[in-house]
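Take a look at the structure set out below.
Values in this text are rule-based calculations from the coordinates and carry no lab data. Keep in mind the model is a prediction, meaning the values are calculated, not measured. Neighbour counts are summed over all protein chains in view; Cβ atoms, including those assigned to glycine, are modelled from backbone coordinates with ideal geometry.
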Amino acid sequence: MNIHIIVSRYNENIEWTKQFKNVIIYNKGKHINNIDNQIILKNVGREGHTYYKYICDNYYNLPNYIIFLQGNPFDHSPNIIKNIQKYINNENLNLNFVFLSEQIHCSTLINQSKKYKQCKNIFTTFEKVFRKTANYNHECIFGAGAQFIVSKETILKRNIDFYKNIVELLEYSICPLEGYDIERLHKYIFS
């Protein structure tokens, strides 16, 4: 099974990644000495920028599955190591998209815009991503911390320009408000 682990790092300790093969550290912080598997990126767009940048850069050469994680995945996923091993060791893996975050939140887009001030523009972001009008009552199921596994097959259901658009939405700032919205839209981006 061809699975890559993509880690969006700022300055977190990523020693935990050494137990896995096929890990790529997208580093937006201080350079890590003695690590060959790091790609330096400008610190913009939160983890969502990193994930979609990886997809754009590798669109025509993706592995069967990609696990996307933050530099410190344990805040939202205390059992992340065990969960990663479960997927890596499954010879018959057959899935499209699964949250690896252990805190799954269910609501609607309107509730997100009212409850979280950083999501006040979630409707605009939704419309920019999907190029259609957002339904205020559209479900909003998301994994806190934006950590998930997704199949190549699922990613390729959308063209590369779709993902380039997301990268462009996020690359103007270290912490764009759209980054919080994208965290809430991963499930829909990949469905």
Test of understanding: ordering HIS138, HIS31 by Cβ neighbours within 10 Å, fewest first, what list do you get?
HIS31, HIS138
What net charge do the residues around CYS119 carry, taking every other residue with its C-beta under 11 Å from that of CYS119, with Lys and Arg at +1 and Asp and Glu at -1?
+2
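Would you list LEU93, LEU170, LEU41, LEU100 from fewest to most Cβ contacts within 10 Å?
Numbers: LEU93 15, LEU170 25, LEU41 18, LEU100 22.
If I rank by nearby Cβ atoms, fewest first, I get LEU93, LEU41, LEU100, LEU170.
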From Cα pairs below 8 angstrom and at least 6 apart in sequence, can you work out the relative contact order of segment 1-54, rounded to a whole percent?
34
Long pairs among LYS86/LYS114; LYS28/LYS120; LYS86/LYS187, criterion Cα-Cα beyond 29 Å:
LYS86/LYS114
Computed about the Cα centre, the charge dipole of segment 77-191 from +1 Lys/Arg and -1 Asp/Glu charges at the Cβ has a magnitude in debye, to the nearest 20, of 220
Mind putting a number on the dipole of segment 26-84 about its Cα centre? Charges go on the C-beta only, +1 for Lys and Arg and -1 for Asp and Glu, and I need it in Debye to the nearest 20.
140
Per-residue ³J(HN,Hα) for segment 57-72, Karplus 6.51 cos²θ - 1.76 cosθ + 1.60, θ = phi - 60°, Hz, x for Gly and Pro:
5, 10, 3, 8, 8, 7, x, 4, 9, 10, 9, 9, 9, 7, x, 10
Helix-only mean residue ellipticity at 222 nm, the chain, DSSP H runs n ≥ 4 weighted -39,500 (n - 2.57), per residue, nearest 500. What is it?
-10000 deg cm²/dmol
Under the classification rounded if a/c is under 1.5, otherwise prolate if a/b is larger than b/c and oblate if not, where does segment 101-178 fall, given a ≥ b ≥ c as square roots of the Cα gyration tensor eigenvalues?
rounded
Among beta bridges assigned by DSSP with both residues in the chain, the antiparallel ones amount in percent, to the nearest 5, to 45
Treat the count of other C-beta atoms within 10 Å as a stand-in for reagent exposure and order CYS106, CYS119, CYS175 from fewest to most.
CYS106, CYS175, CYS119
